[in-house]
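A short write-up of the structure that comes next.
Computed from the coordinates by the stated procedures, all read-outs in this text should not be read as laboratory data. Everything numeric in this text was worked out from a predicted model, so none of it was measured.
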Amino acid sequence: MAELFGDEWARVLREEIAASEGYARAAKGWEGAMVLSMATDEALGLLAERGVYLEIWQGVCRVARAASREDLDAASYVVTAAAAVWKEVLEGRLEPLFGVMSGKVKLARGSFARLLPYINAAKELLAAAQRVPTEFPKGWTAG
């Protein structure tokens, strides 16, 4: 198991994306950098925002790594949520689009309208993330 949004988690996610024919088909034409970000939570020991940086190019994930502050500042898209929400999403208990519509998941940077044509690619990306064996932050007690 790899800790959520750490380097090992990002490496396994990239492998899962590479193995996904559905993602490769759905993401043709999608280019740019995306960060999936987890908000700080002192109770869980998350004293700084944590995320995973994905460089997406025409159906291929070229780079996946734990996001740096520079990555958070420069990515075309930043999707953020609390640790508990990411747990719900990754366990399949919360549909991400519903999460966005309910305000639990936020598109902190980027245009939803520009992301819309790639909604199936985003779903495939999430399905890949759901296949990564994930260890949630130390101190996790919820759900």
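Structure notes:
- Reach of Lys123 by Cα under 17 Å, taken over aspartates and glutamates that are not fewer than 8 positions away in the same chain: Glu15, Glu16, Glu21, Glu31, Glu55, Glu88, Glu91, Glu95
- Based on Cα contacts under 8 Å between residues 6+ apart, segment 2-131 shows a relative contact order of 28 percent.
- Residue-span extension gain [Arg69 to Arg131] - 0.36 nm each, minus C-alpha spacing: 19.7 nm
- Coarse-grained scattering of the chain at q = 0.09, 0.11 Å⁻¹, given as base-10 log I(q)/I(0) from a Debye sum over alpha-carbon atoms: -0.23, -0.35
- Of all beta bridges that DSSP places with both ends in the chain, some 75 percent have antiparallel geometry.
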